[in-house]
Amino acid sequence: MDISVVVPLYNEQDSLRELHQWIKRVMGEHHFTYEIIFVNDGSSDKSWSIIEELHQQYPEVKGIKFRRNYGKSPALYCGFKRAEGNVVITMDADLQDSPDEIPELYRMIMEDGYDLVSGYKQKRYDPLSKTLPTKLFNATARRVSGIHNLHDFNCGLKSYRKEVVKNIEVFGEMHRYIPYLAKNAGFSKIGEKVVHHQSRKYGKTKFGGLNRFFNGYLDLITLWFLSTFGVKPMHIFGFLGSLMFILGFFLTLGIGIHKLYALANGIPAVLITESPYFYLSLTLMIIGTQLFVAGFLGELIVRHAPDRNNYNIEKEI
Ligand code: UDP
Ligand code: MG
């Protein structure tokens, strides 16, 4: 099979038939063998019954139904597990992404050798409250992930080589960082294609509000931490802890020597407990020790983590 189209959806009853017709037309024109996997993320409208109807009429339409709303990442995760095509395309269900982009996205994977191609909504039809924070977010994501050629990490329209989706684990709200996940899994040929974007035709956006930003940044920090220190927590905690402890230790030593020197020479000196350095060194040593212990605990946890030896082997002969 050439292509699996994975479509996560949450209450998108009005767009589904139109989206299916459009994908079908494009696939037919280019003679692709394909499947469409609709992942119904706990919709409370008629989305699922429409998917069932489509499935009866067209066997290439498949569906996964969540019992409740889990989020876009879990929906993608389950869609990826089921996908069988050599190239996997993800797109939103709201008709904002155009299926006309599929052939080129497919070609870039198969012929240009990309592992992942992300859509880039250069001209976006979303309100400013959405586009402006997105710019900021992408700039940070570029820096942290080291994938400098991507403008639009969170674009719903992407294509993947099959191995990529089988080797990454999209969880929580990490769908925003799939290119970063792919890079961490060893798929480094990541490209971009400018895609058409339209304003939402039916329904309304599921990702509004400010907290998505805050959470987005926290997720980015988590990913960065996991990819740099995930299996060697002692390298950060131990380092910071030792540094603080040593600093505190020498500070204490200095205070002690100073006091002794003053005593021996009969110079009047302040009480040790009245020196601000005393409290500074105390704090440094205590926090230093705690960080060190945190590192040890981290190592113990990693040692027992089920995926500690989860290496991504490309080939074995
Ligand atoms: N979606 C989902 N589960 C959710 C929220 C959204 O499957 O909990 C789907 C949604 O139906 C759509 C896609 O994710 O197909 C992108 O959502 P939306 O269009 O609301 O995001 P936006 O384009 O506004 O960023
Ligand atoms: Mg949308």
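The values are calculated or read from the model by the stated rules, or taken from the named source; none is laboratory data. As the structure is a computational prediction, the values presented were derived from the model and not from experiment. Counting neighbours? That spans all protein chains shown, and the Cβs are built from the backbone with ideal geometry, glycine included.
Quick test for you: out of 306, 276, 268, pick the one residue that is within 43 Å of the chain's Cα centre (by Cα) and not acidic (Asp, Glu).
Criteria check complete, one pass: 306.
Mind counting the residues in the range 121-163 that are of a type in the set (Gly, Ala, Ser) and more than 16 Å from ligand 1 (Cβ to nearest atom)?
4
If residue 76 passes every condition in (1) within 16 Å of ligand 2 (Cβ to nearest atom); (2) surrounded by fewer than 21 Cβ atoms within 10 Å (Cβ to Cβ) but one, which one does it miss?
(2)
Scan the range 34-44 and tell me whether some residue there is assigned to a strand (DSSP E or B), of a type in the set (Asp, Glu) and out of contact with any helix residue (DSSP H, G or I) (no Cβ under 8 Å at 6 or more places or on another chain).
Yes, the range 34-44 contains a residue that is assigned to a strand (DSSP E or B), of a type in the set (Asp, Glu) and out of contact with any helix residue (DSSP H, G or I) (no Cβ under 8 Å at 6 or more places or on another chain).
Any residue at all in the range 136-149 that is at pLDDT 95 or above, over 22 Å from residue 213 (Cα atoms), under 17 Å from the mean Cα position of the chain (by Cα) and not in a loop (DSSP other than H, G, I, E, B)?
no
Can you tell me which residue among 191, 241, 254 is within 23 Å of residue 164 (Cα to Cα) and more than 15 Å from the chain's Cα centre (by Cα)?
Just one listed residue meets the conditions, 191.
Can you confirm whether residue 160 is closer than 21 Å to residue 102 by Cα and aromatic (Phe, Trp, Tyr)?
yes
Is it the case that residue 216 is over 25 Å from residue 78 (Cα atoms) and either under 11 Å from the mean Cα position of the chain (by Cα) or assigned to a loop (DSSP other than H, G, I, E, B) (or both)?
no
Provide a single number: the residues in the range 78-120 that are within 13 Å of ligand 1 (Cβ to nearest atom), out of contact with any helix residue (DSSP H, G or I) (no Cβ under 9 Å at 6 or more places or on another chain) and more than 21 Å from residue 168 (Cβ to Cβ).
Residues meeting the conditions: 1.
Looking at this structure, is residue 295 buried (at least 16 other Cβ atoms within 10 Å of the Cβ), closer than 30 Å to residue 182 by Cβ, small (Gly, Ala, Ser) and touching a helix residue (DSSP H, G or I) at 6+ places or on another chain (Cβ under 6 Å)?
Yes, satisfied.
Taking the range 72-99, which residues are outside any loop (DSSP other than H, G, I, E, B) and of a type in the set (A, V, I, L, M)?
75, 76, 87, 88, 89 - these are the residues of the range 72-99 that are outside any loop (DSSP other than H, G, I, E, B) and of a type in the set (A, V, I, L, M).
Hey, any hits in the range 258-267 for a residue that's surrounded by 15 or more Cβ atoms within 10 Å (Cβ to Cβ), without any contact (Cβ under 8 Å) to a residue 40 or more places away in the chain and more than 30 Å from residue 153 (Cβ to Cβ)?
The answer is yes; a qualifying residue exists.
Being in a loop (DSSP other than H, G, I, E, B), of a type outside the set (Asp, Glu), away from ligand 2 (no atom under 16 Å from the Cβ) and in contact (Cβ under 8 Å) with a residue 24 or more places away in the chain narrows it down to one of 188, 242, so name that one.
Only one candidate passes the filter, namely 188.
Where the second residue is among the aliphatic types (A, V, I, L, M) and part of a loop (DSSP other than H, G, I, E, B) and the first is within 16 Å of residue 19 (Cα to Cα) and within 10 Å of ligand 1 (Cβ to nearest atom) and lies in the range 197-211, which pairs have Cβ atoms under 9 Å and are six or more apart or on separate chains?
Cβ pairs passing all conditions: 197/157; 200/95.
Can you find even one residue in the range 197-211 that is buried (at least 19 other Cβ atoms within 10 Å of the Cβ) and closer than 30 Å to residue 44 by Cβ?
Yes, the range 197-211 has at least one match.
Considering (1) at positive phi; (2) touching a Phe, Trp or Tyr at 6+ places or on another chain (Cβ under 9 Å), say which one residue 234 fails and leave the rest.
The single condition residue 234 does not satisfy is (1).
For the range 3-52, which positions are touching a residue at least 40 places away in the same chain (Cβ under 8 Å) and under 17 Å from residue 175 (Cβ atoms)?
Scanning the range 3-52 gives 4, 5, 6, 7, 8, 9, 10, 12, 37, 38, 39.
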